[in-house]
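The values are calculated or read from the model by the stated rules, or taken from the named source; none is laboratory data. In this text, all values refer to a predicted model and were calculated from it rather than measured experimentally. All Cβ positions, glycine included, derive from the backbone under ideal geometry; neighbour counts span all protein chains shown.
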Number of protein chains: 4
Amino acid sequence: MILTLSCPDRTGIVARVSALLFERGANILDAQQFDDQETGRFFMRVVFAPGEGAVEDLRAAIGELAESLAMDWTLRDPNDRRRVMILASQTDHCLSDLIWRWRQGELPMDITAVVSNHPESTYPHTDLKGIAFRHLPVTPETKAQQEAQLWKLIQDTRTDLVILARYMQVLSDDLSAKLAGRCINIHHSFLPGFKGAKPYHQAHARGVKLIGATAHFVTADLDEGPIIEQDVERISHRDAPRDLVRKGRDIERRVLARAVRWTLEDRVLLNGRKTVVFTD
Amino acid sequence: MILTLSCPDRTGIVARVSALLFERGANILDAQQFDDQETGRFFMRVVFAPGEGAVEDLRAAIGELAESLAMDWTLRDPNDRRRVMILASQTDHCLSDLIWRWRQGELPMDITAVVSNHPESTYPHTDLKGIAFRHLPVTPETKAQQEAQLWKLIQDTRTDLVILARYMQVLSDDLSAKLAGRCINIHHSFLPGFKGAKPYHQAHARGVKLIGATAHFVTADLDEGPIIEQDVERISHRDAPRDLVRKGRDIERRVLARAVRWTLEDRVLLNGRKTVVFTD
Amino acid sequence: MILTLSCPDRTGIVARVSALLFERGANILDAQQFDDQETGRFFMRVVFAPGEGAVEDLRAAIGELAESLAMDWTLRDPNDRRRVMILASQTDHCLSDLIWRWRQGELPMDITAVVSNHPESTYPHTDLKGIAFRHLPVTPETKAQQEAQLWKLIQDTRTDLVILARYMQVLSDDLSAKLAGRCINIHHSFLPGFKGAKPYHQAHARGVKLIGATAHFVTADLDEGPIIEQDVERISHRDAPRDLVRKGRDIERRVLARAVRWTLEDRVLLNGRKTVVFTD
Amino acid sequence: MILTLSCPDRTGIVARVSALLFERGANILDAQQFDDQETGRFFMRVVFAPGEGAVEDLRAAIGELAESLAMDWTLRDPNDRRRVMILASQTDHCLSDLIWRWRQGELPMDITAVVSNHPESTYPHTDLKGIAFRHLPVTPETKAQQEAQLWKLIQDTRTDLVILARYMQVLSDDLSAKLAGRCINIHHSFLPGFKGAKPYHQAHARGVKLIGATAHFVTADLDEGPIIEQDVERISHRDAPRDLVRKGRDIERRVLARAVRWTLEDRVLLNGRKTVVFTD
C-alpha cells in the first residue's frame, strides 16, 4: 500500500502515522518526508506491507487521524492501477512512447482511451491494438462542444489522470479547473523560458546552448502550472530548428515518461504552485 | 540533531523510533528510510529539533532501543562539527577546492591538519592561513614509520574523518583497516573502469567518450571500496591526455566535495561493500 | 555529397582537397578536420554541394589525389542511403526504437532485413510492416551454419551496415573480421566497466552511482571494439537490478540511435582501435 | 597561429584560404567551418603551424584576400596572450576560480587588473599576489565617473577582454557599446529564464527542477547578449534558496571558465545576436 499525506507541520506526525501502521501489523518498506519550512507544510509518502486486518479498517483509522491533523491524504493499493486517458494531436512521439512503455510494464496504469483531434489513421505506426480510440475533431467554433464531449468521456470512463501527449489544443479555464492536479502536459521548452508557441524556433533564434522540456500539471494559467520534471540536452550552432525538434522529441519522451511514472506511483504531491517529488 | 541507524529489518522500527522522539518532544524535520530487500537490512536518517529534555537522556533512550533492535547508530548535533584531516601530494586542486569550500561555509567541519608528503611550499596559491600543516615525507623504506606518524597524528588530533585529496600513496592494509568507514579517497576514473595508475592515459588509449571520477571509502582492497559518488564529463577525439587531466580536475573536485559534504551531514551509511546515500 | 578521408599527415592536404572541389564548382557547406598528433594521421569530413560536372569525374579526380596521398576515403551522395540489417534477440527495445526513428525520418537508411534468432511473433508491438523479417534460430551446435546463412543474407541483400540491437549471440572471430568497421553493437554498460554478461547485475553488486551504455564497432575481441558513443544515467541505492534494466533501456536506445545516425551520416572514422566522431 | 574569419558565403572560400596557407608552407593542424544557411554567412577557424616566411607577409596576404571576400578576420599567435581585466563585487567565487585556473595554466591570458567596487580586503582568501588590484567604488551618483575611470584603465592597460565575474553593477549603454564583443558576463540563471535580479530566488519560487547559469557577451540590452555557454544542475524540493546559491556557485564557475577559455582560444565568433562556438 502507498500512503501519501500533507498537512500543517507539528510535532508527532511521523510518530502517530507510524504507530497507527505498526499497531495494525504493517511493515514500512520505504518512506520519505519533507517539511517545507517556508510554508510550514509537511509532506510524507509511505510504502508499507499491510498487516492482517481489513484495508477498510485501516482506511477508516487513517481518515480519523487525518481529520485531527487537517491532512490531505491518499491511500492506494498499487494493484489498483490508475485509469489514464492520453490526448494527442498530429505528432505521435510522446503517445507512441507512452504506449510502448506501458506495454513493457514500465507504467502501471490502465488506458481508458486515446483521444485525438485527428483520426486514428494519423498514427499508422503506433500499436493501438486493444486500446479504445476516440476521434474528437475540434475547430474554434466547436471547441466548447468538443470539450463537453471530452469531459463526458473522462467521466464515463472513470479516468483518474489525463495526459496531454503533445495535444496541441489549449484547454479552457473551465476544463483546466475540473482537471486540477490530475492533468499532465509536456511543454517543449525548459520553462519558464520560451513559453507559448514554437519554442524550438524561439530557442534557435535566441541562440541558447541547451534545449529542454517540462512536464507540468495543467492550470488555467498557460505554461505556469506546477512543474513535475524537466530535462535538457546540449545543442550547437550547427543545429537548425529541425534538429532541435528531433533532439527535443527525445527529451520530451523521457521527461513525460518520468513525470507519468512518478505520478502513477504516488510520488508527486502538490505544494501550492510547486510540487514535492519523492523520486526513486 | 541527526540520527542515523541501520539494523535487520522488522516491523515497527519507524514507529518505535518516531514514538521515542515524539515522547521527548522532538519534531522531525526530515527523514528518509531504505529497506534493502536483498540483504534484509533497514537504514534510516532522521533530522529533528530536540525537545526540552537533556540530550544525554535522549541518547540513553536511543541506546536502549538500539540494543533491542541490534542497531548500528549515530546521534550528532550538527553544531559538533566533524574533525577532518586532509592528505595531499604534488597536485593541489582537490586540496585547494576543499579549503575554498570550507571557507565559504559549504563544508561544516573543523580541519585538524593538512598533511602532505611534500613540503608546504608546494602549495603557494592555496590559502593555508590558520590551518595546521604537517610535512610527512615518505620513501619506500620509511613508509611504515611515516604511517605510524600519521596514525599518531590522527589520534592526537582526534580526527574523525581522513580525506585523501589526490594523496598519491597507497595506505597499508593495516592503516586502511584502522580507518575503515572514515577515510575517503578520490579516484580519477569512473570505477570499476581504469583502476590503478594513470587512469586518464588509460582512458585516452581506450578511446572512451566520457571520463569520470569516483569518491569511495578506502579499504585494503585498492579501488574496490564502497562508492559514495561518481560523475562524468564528455570528451572527444580532440582531447589529448593533458586535456583529460584538465577536465578531470573539475570532475574530481566536485565529486569529492559532494562525497565529503554528504559524509559530514551523516547522509552516507555503509551497506556491506556498498553505500546508502540519503542525498539532499 | 559527403567526402571522408584519412591519411598520413603532411602539409597541403586541405588545400589540395578544397582546390580540387573548388575547381569543379563545388561549394563546401560543412567541414571538420582532425590531426592526431599521437599517430600522425589526418582525418577530414567535407559536406559540399557539387558543381555541374559529372560525379564520376569528381570521383576519379579524388581517387587520383587519394592515391598520391595514401588516403582511405569515401564519397557518397546522401541520397544513396546505406543498406542496413538489424539483428535482435528476445528484448526488442533497441529494435523497436530504431524502427520508430527510421519511420520518423531520423535515420537515413534502407532496412535490408530484421534478423532474429527468435520468431517474428516475439515482437508483437514492433511495427515490422513492409520490412523483411528472417528467423535464423541458433544453438551451440548450429552456430556455424547459422552464421553462414547470416553471411549469405548480408551478401545477397548487399547490406552495408549490420546493427546488433541487443542481439545476444557473440559473433565468431571469422564473421567479426568479415564485418570489420561495419557492424555496430550496443553493450549495456559503461565500458570498460562491466564487460561480459549481466552488466546491470554487476553494476548493482558493485554499488556504482551511474550506469551507462556503449555503442562500439564489433571486433573479434569481445567488448574491446572501437567505441562510437557512450552515455550514463544516475542511479541510487533504491534501484534494484530490474530498475537498472529499465533505466538502461533508455540509455541503450539513445546511445545506439546516435551511433547509428552518425555512422549513416559518415561522421564516424576509424582511428586504430579508437574512433574520430565529427558530431553535429 | 590561429586564424578566424567570417564572411558572406560563396564557393571557394576554404580553397582560397587553404591554398594561401599552403603556398606559404603552413600546415593546418585543426580546422572547423560552419555555413549558416539561414543568414548566408560562413565561419571558419584554422589552427596552423606557419611556414618559414615572415608572419607579417602572411598577415598582409590574408588581409588582401579578406578584402576581396568582405571578411571579418583575426590572426593571432597563441603565444601573444590576451590581456584580460576581471571585475568583481562582494562574492568572489568566480574571481577566485578564474585566478586559480589561470595559475594552473588552464587560461592562457595576462591579467591586466582585478577591479572591484569593494576594497581588496573583501577577498582575504583569493590569492591576488602579483596581480594589480584597483578599488573603484561606485554609488548611483558617481556611476558615470566610475565608468570613466574604468574605461581609462581598460585603455591604459591595453585590455583586450573584460570579464564580469559576478560584478553586480549594470554597465551603461555607452560602456557596453565600447566593449561590444569583448566583455563577458556570467548570469546566474538559465537564460532566457529568470532575467534580472535574484534569479535563484525566482527559480525557487517557480519550483523548477534544474537551475543553470549563462555566460554571454554584454550588450546594452540587459541579459540579452549573445550566449556563449550554459549549463544546468538538478535540484529538488528539498533545496532552499541558499542551497540553490551554493549549487549555483559550481555551475557559474564552470560555465564562466569554459566561456573564457574558448574566447581566449579564438573559438567564439559572433553571428548577429548569437555565437558560433568551435568547441574542443
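Numbers for the structure displayed
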item: Residue within region C:129-140 that is in contact (Cβ under 8 Å) with a residue 60 or more places away in the chain and within 29 Å of A:GLY248 (Cα to Cα) present; result: no
item: Residue list for region A:112-129, filter: out of contact with any strand residue (DSSP E or B) (no Cβ under 9 Å at 6 or more places or on another chain) and loosely packed, with under 13 Cβ neighbours inside 10 Å; result: A:SER121, A:PRO124, A:LYS129
item: Test: residue in region D:95-104 that is buried (at least 19 other Cβ atoms within 10 Å of the Cβ), in contact with a Lys or Arg (Cβ under 7 Å, 6 or more places away or on another chain) and within 14 Å of another protein chain (Cβ to nearest Cβ); result: yes
item: Unique residue being modelled with pLDDT of 95 or more, farther than 30 Å from A:GLY207 by Cβ and either surrounded by fewer than 23 Cβ atoms within 10 Å (Cβ to Cβ) or more than 9 Å from chain D (Cβ to nearest Cβ) (or both) when the list is A:VAL268, A:VAL245; result: A:VAL268
item: Top-ranked residue of region D:130-154 - restricted to ones that are polar (S, T, N, Q) and surrounded by 10 or more Cβ atoms within 10 Å (Cβ to Cβ), ranked as nearest to D:ARG83 (Cα to Cα); result: D:GLN149
item: Qualifying positions in region B:211-235 - facing chain C (nearest Cβ under 7 Å) and in contact with a helix residue (DSSP H, G or I) (Cβ under 9 Å, 6 or more places away or on another chain); result: B:ILE227, B:GLU229, B:GLN230, B:VAL232
item: Residue match in region D:155-165 (condition: within 14 Å of another protein chain (Cβ to nearest Cβ) and closer than 27 Å to B:LEU128 by Cα); result: no
item: Total residues in region B:6-19, condition of a type in the set (Lys, Arg) and either in a strand (DSSP E or B) or farther than 22 Å from B:VAL55 by Cβ (or both); result: 1
item: Filtered residue count, region D:82-94, keeping only those that are over 14 Å from the mean Cα position of the chain (by Cα), surrounded by 15 or more Cβ atoms within 10 Å (Cβ to Cβ) and not small (Gly, Ala, Ser); result: 3
item: Pick from region D:109-136, criterion within 14 Å of another protein chain (Cβ to nearest Cβ) and among the β-branched types (Val, Ile, Thr), ranking: nearest to the chain's Cα centre (by Cα); result: D:ILE111
item: Search result, residues across region C:51-64 that are among the small types (Gly, Ala, Ser), touching a residue at least 12 places away in the same chain (Cβ under 8 Å) and part of a helix (DSSP H, G or I); result: C:ALA61
item: Selected residue [at pLDDT 95 or above, touching an Asp or Glu at 6+ places or on another chain (Cβ under 8 Å) and facing another protein chain (nearest Cβ under 9 Å)] from A:ARG254, A:ARG182, A:ARG238; result: A:ARG254
item: Residue that is within 14 Å of another protein chain (Cβ to nearest Cβ), part of a strand (DSSP E or B) and either polar (S, T, N, Q) or in contact with a helix residue (DSSP H, G or I) (Cβ under 9 Å, 6 or more places away or on another chain) (or both), where the choices are B:PHE22, B:PHE43, B:PHE48; result: B:PHE48
item: Unmet requirement for B:GLU38, which otherwise passes all of (1) modelled with pLDDT of 95 or more; (2) out of contact with any strand residue (DSSP E or B) (no Cβ under 9 Å at 6 or more places or on another chain); result: (1)
item: Flag for A:ASP36 being surrounded by fewer than 21 Cβ atoms within 10 Å (Cβ to Cβ) and in contact (Cβ under 8 Å) with a residue 60 or more places away in the chain; result: yes
item: In region A:1-19, the residues that are within 7 Å of chain B (Cβ to nearest Cβ) and modelled with pLDDT of 90 or more; result: A:VAL14, A:ALA15, A:SER18, A:ALA19
item: Of the criteria (1) more than 7 Å from every other protein chain (Cβ to nearest Cβ); (2) of a type outside the set (Lys, Arg); (3) within 26 Å of A:THR279 (Cβ to Cβ), which one A:GLN33 fails; result: (1)
item: Candidates C:GLU233, C:GLU229, filtered to the one that is surrounded by fewer than 22 Cβ atoms within 10 Å (Cβ to Cβ) and either without any contact (Cβ under 8 Å) to a residue 40 or more places away in the chain or more than 30 Å from B:THR39 (Cβ to Cβ) (or both); result: C:GLU233
item: Single residue of D:LEU87, D:LEU65, D:LEU58 found to be hydrophobic (A, V, I, L, M, F, W, C) and assigned by the TED database to the domain that holds D:ILE184; result: D:LEU87
